[in-house]
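The values are calculated or read from the model by the stated rules, or taken from the named source; none is laboratory data. This structure is a prediction, so every number in the text was calculated from the model and none was measured. Neighbour counts are summed over all protein chains in view; Cβ atoms, including those assigned to glycine, are modelled from backbone coordinates with ideal geometry.
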Amino acid sequence: MTESQKTADPCVMVIFGATGDLTKRKLFPALYNLANDGYLPENFAIVGVGRQELETTEFRDQMIQNLKEFAGENGNEERIKWFCGRTFYTGGDFDDDKKLFKDLKELLAEVCTSMSIPENFFYYMAIPPNLFANVTAKIVKNGLGKEENGHWRRFIYEKPFGHDLESAKRLNTDLLKILKERQIYRIDHYLGKETVQNLLVFRFGNSIWEPIWNRNYIDHVQVTVAEKLGVEQRGGYYDSAGALRDMIPNHIFQLVTLTAMEPPVSFEADSVRDEQAKILQAIKSFSPEDALHNAIRGQYDSGEIDGKPVPAYRSEEKVSPASATETYTALKLSIDNWRWADVPFYVRTGKRMATRHSSIVIQFKRAPFVLFRDTPVERLTTNRIEIHIQPDEGITLHFGAKVPGPIVKMGAVDMDFNYVDHFGKQLSTGYERLLFDCMIGDATLFQRADMVEASWSIVTPILDVWSAIPPRNFPNYRSGSWGPKEADDLLAADGRIWKNTEA
Ligand code: BG6
């Protein structure tokens, strides 16, 4: 959002899946934070749609409880009241367009009239992806999807957007038959994270990095998204998805593209997304041979997290006891373009890892040895920029310094920038910016159809090889560790090691 645009357009947010987890944990708290910061207009309403038959008053009661539990400051009374007066609900069967969608249409008309809101609607699909096309078609069929008389209609889709290349293409085709691409907002909540957005400012708002941000100076890049959590209650979904589908073509590729892309000609949505798409097209696709050597999979065994025993993945709720699903993935990616030729991007993500930590590490090449001929190689410092995404957001520059004393001895030091120290603590769920952007029609931080398809085409060959050759050594890493040994071997083969943080 720019400083000039302080409030969103008057509109109604329609949430499909309004009684679900995402709505209560993220969407309502995000709206709450936006309202607190003055970004929501007075002419704003929320219509929840769910399978449960609830009265609006019952839905408001649930919302109050949820805001008290999940919103910052535990929900301020005044603000909660503001929300209550603007929240409505209608429930029913999503397949039945005779009833539910007619009710929705009437309710929207009533809300718009009584609250003087122009008929700008945005639909948030917090529902299983297999319902996306169907629900969208019913909205459109009932005359609620077409943009006319200057009113906009936008559709936000939660991930996963497809299950593989084929299904993503099918979904794009189905949606594009009834909507315009500019009405479609494919969300990736990683783009709502401050540090992820800061990547653009860090790279392109400073002049000192760009000249060295290439193969002449950078040895390799590491992207890590490590989680301590296991699959929690999501075994049903996760066991048919796995770490690769769940994290790589979306969150991890966002981090890779923002790190690797060329400077866009402007911050307009399509300029930024064109550059991201070019990186996705330049990532070398995996042959079956590459998939065997440069894609590692792992599954967690029992172990300890924070000193407490935790079960193996195969013993989790709704997970098959013989599951071959990976909970860890590491890939070696090659970006075939002039900037990045021969600079590997190692990416990894896993559940039940030693610590919760997401970062991008830019590892620079070693300085020439000449001056330090007598220093053992392991003591020679290399430069590194670490972009910390979570839990502590910030940036560290790692470099060598002389240890004080009569002899020239080299030590390693860090220069740290921490977001909270400089800017104070922001209450944020990561969804605020994305919801606001949708309300002002800025799609920069949303995925375009071609990006989604390019991402799936990179990983689909790996999925094919993995499903043809079941893993023989699962589970292969202990909960609370840094993942399987094969992932360390992947880097060791290139003479490199993962940058792990302390637990
Ligand atoms: C979701 C995945 O998209 O991202 C989850 O489905 C994962 O499996 C989550 O836990 C991670 O998000 P964050 O913001 O906690 O890093």
task: Could you check Arg352 against (1) at pLDDT below 90; (2) within 16 Å of the ligand (Cβ to nearest atom) and say which number it fails?
output: (1)
field: Meets criteria (over 30 Å from Ser315 (Cα atoms) and surrounded by fewer than 17 Cβ atoms within 10 Å (Cβ to Cβ)) for Phe436
entry: no
- line: Only one of Asp342, Asp336 is at positive phi and modelled with pLDDT of 95 or more, namely Asp342
message: Here is a check on your reading of the model: is Asp489 acidic (Asp, Glu), part of a strand (DSSP E or B) and modelled with pLDDT of 90 or more?
response: no
Out of Ala109, Ala30, sole residue that is among the small types (Gly, Ala, Ser) and either touching a Phe, Trp or Tyr at 6+ places or on another chain (Cβ under 6 Å) or farther than 26 Å from Ile139 by Cα (or both): Ala30
message: Checking the conditions here, which among Ile156, Ile127 is within 16 Å of the ligand (Cβ to nearest atom), under 19 Å from Phe16 (Cα atoms), modelled with pLDDT of 95 or more and not charged (D, E, K, R)?
response: Ile156
query: Do we have Glu262 as acidic (Asp, Glu) and either more than 26 Å from Glu326 (Cα to Cα) or surrounded by fewer than 18 Cβ atoms within 10 Å (Cβ to Cβ) (or both) here?
result: yes
- prompt: From the set of residues in the stretch 218-233 that are among the polar types (S, T, N, Q) and within 13 Å of the ligand (Cβ to nearest atom), which is farthest from Leu397 (Cα to Cα)?
  reply: Gln233
field: Which listed residue, of Glu304, Glu289, is more than 16 Å from the ligand (Cβ to nearest atom), of a type in the set (Asp, Glu) and in a strand (DSSP E or B)
entry: Glu304
message: I'd like to check something: does the stretch 103-112 contain any residue that is of a type outside the set (Val, Ile, Thr), more than 16 Å from the ligand (Cβ to nearest atom) and closer than 30 Å to Ser467 by Cα?
response: no
- request: List the number of the failed condition for Lys141; all other conditions in (1) within 23 Å of Gly50 (Cα to Cα); (2) within 16 Å of the ligand (Cβ to nearest atom) hold.
  value: (2)
message: Of all residues being of a type in the set (S, T, N, Q) and in contact (Cβ under 8 Å) with a residue 24 or more places away in the chain in the stretch 75-122, which is surrounded by the fewest Cβ atoms within 10 Å (Cβ to Cβ)? Just the residue, please.
response: Ser116
message: Just to check your reading of the model, which residue among Phe161, Phe202 is aromatic (Phe, Trp, Tyr), away from the ligand (no atom under 14 Å from the Cβ) and closer than 19 Å to Arg273 by Cα?
response: Phe202
- prompt: Taking interchain pairs and intrachain pairs at least six residues apart, which have beta carbon atoms under 7 angstrom, with the first residue in the stretch 328-357 and touching a residue at least 24 places away in the same chain (Cβ under 8 Å) and the second surrounded by fewer than 21 Cβ atoms within 10 Å (Cβ to Cβ) and hydroxyl-bearing (Ser, Thr, Tyr)?
  reply: Pro344/Ser334; Ala354/Ser481; Thr355/Thr501; His357/Thr501
query: What are the pairs, 6+ residues apart or on separate chains, where a residue within the stretch 229-242 that is more than 9 Å from Thr327 (Cα to Cα) has its Cβ under 9 Å from a residue that is among the aromatic types (Phe, Trp, Tyr) and within 8 Å of the ligand (Cβ to nearest atom)?
result: Glu232/Tyr238
query: Of all residues in the stretch 450-486, how many are surrounded by fewer than 19 Cβ atoms within 10 Å (Cβ to Cβ) and either outside any helix (DSSP H, G or I) or on the phi > 0 side of the Ramachandran plot (or both)?
result: 6
- prompt: If you go through the stretch 154-197 one residue at a time, how many are surrounded by fewer than 19 Cβ atoms within 10 Å (Cβ to Cβ), within 20 Å of the chain's Cα centre (by Cα) and either among the basic types (Lys, Arg) or within 21 Å of Glu262 (Cβ to Cβ) (or both)?
  reply: 1
field: Number of the condition not met by Leu445 [criteria: (1) more than 16 Å from the ligand (Cβ to nearest atom); (2) in contact with a Leu (Cβ under 6 Å, 6 or more places away or on another chain); (3) among the hydrophobic types (A, V, I, L, M, F, W, C)]
entry: (1)
Pick from the stretch 164-199, criterion within 13 Å of the ligand (Cβ to nearest atom) and aliphatic (A, V, I, L, M), ranking: farthest from Asp450 (Cα to Cα): Val196
- prompt: Can Ala269 be described as in contact (Cβ under 8 Å) with a residue 24 or more places away in the chain and either crowded, with 20+ Cβ neighbours inside 10 Å or not hydrophobic (A, V, I, L, M, F, W, C) (or both)?
  reply: no
message: So the check is Cβ under 6 Å with 6+ separation or different chains; which pairs have a first residue in the stretch 36-59 that's within 17 Å of Gly92 (Cβ to Cβ) and a second one that's in a loop (DSSP other than H, G, I, E, B) and of a type outside the set (Phe, Trp, Tyr)?
response: Gly48/Ala18; Val49/Ala18; Gly50/Ala18; Gly50/Thr19; Gln52/Thr19
- line: By my count, helices (runs of 4 or more DSSP H) wholly in the stretch 234-283 with at least 2 residues that are more than 16 Å from the ligand (Cβ to nearest atom) and more than 16 Å from the chain's Cα centre (by Cα) are 269-282
- request: Looking only at the stretch 105-127, count how many residues are closer than 15 Å to Val49 by Cβ and touching a helix residue (DSSP H, G or I) at 6+ places or on another chain (Cβ under 8 Å).
  value: 7
message: Filter the stretch 41-97 down to the residues that are hydroxyl-bearing (Ser, Thr, Tyr) and outside any helix (DSSP H, G or I) and list them by number.
response: Thr87, Tyr89, Thr90
